[in-house]
Amino acid sequence: QVKLVESGGGLVQAGGSLRLSCATSGRTFSHYALGWFRQAPGKERESVATISMGGGSTDYADAVKGRFTISRDNAKNTGYLQMGSLKPEDTAVYYCALAPFYTARASEYNYWGQGTQVTVSS
């Protein structure tokens, strides 16, 4: 089975930073694109950031550009989302997911983690 486990969420003050991790197992991590998604209360799930298999290409939602950085360490089968200058509107459940090709479309991701809560206080 393919398993993804997010960690690093929590409560942080506005302007602070947080790093989320996505530990994966069960398949060859480097064969998958990695995406981070989030879902806030009352809102649809949205793509936050994506990174290609080798890490050479990245894309970010406009709302997080310049503040968030996606990365991956294929040797450790782990992806990351470094979040800085956090705002209350970043509050959401954050999910990592794997896709067989580079895409930001949630429907094309095959495997998902359970999510981790990020709460940004004002």
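Laboratory data are not the source of any read-out in this text; all were calculated from the coordinates shown. If you're wondering where the values come from, they're calculated on a predicted model, not measured in any experiment. Counting neighbours? That spans all protein chains shown, and the Cβs are built from the backbone with ideal geometry, glycine included.
Among all positions in segment 29-39, there is no residue which is surrounded by fewer than 16 Cβ atoms within 10 Å (Cβ to Cβ) and assigned to a loop (DSSP other than H, G, I, E, B). Annotation note: of Gln82, Gln1, the sole residue that is touching a residue at least 60 places away in the same chain (Cβ under 8 Å), surrounded by fewer than 19 Cβ atoms within 10 Å (Cβ to Cβ), farther than 17 Å from Thr103 by Cβ and not aromatic (Phe, Trp, Tyr) is Gln82. Summed over segment 92-112, residues that are surrounded by fewer than 20 Cβ atoms within 10 Å (Cβ to Cβ), touching a residue at least 40 places away in the same chain (Cβ under 8 Å) and among the hydroxyl-bearing types (Ser, Thr, Tyr) total 3.
Whenever a residue of segment 40-60 is under 20 Å from Val93 (Cα atoms) and free of Cβ contacts under 8 Å to residues at least 60 places away in the same chain, its partners that are crowded, with 16+ Cβ neighbours inside 10 Å and basic (Lys, Arg), lying with C-beta atoms within less than 6 angstrom and at least six residues away or across chains, give the pairs Val48/Arg38; Ile51/Arg72. Here is the figure for segment 4-38: residues that are closer than 15 Å to Asn74 by Cα and either in contact (Cβ under 8 Å) with a residue 12 or more places away in the chain or in contact with a His (Cβ under 8 Å, 6 or more places away or on another chain) (or both) total 15.
For segment 36-66, the set of residues classified as within 16 Å of Val118 (Cα to Cα) and either touching a strand residue (DSSP E or B) at 6+ places or on another chain (Cβ under 7 Å) or polar (S, T, N, Q) (or both) consists of Trp36, Phe37, Arg38, Gln39, Ala40, Arg45, Glu46, Ser47, Val48, Ala49, Val64, listed by residue number.
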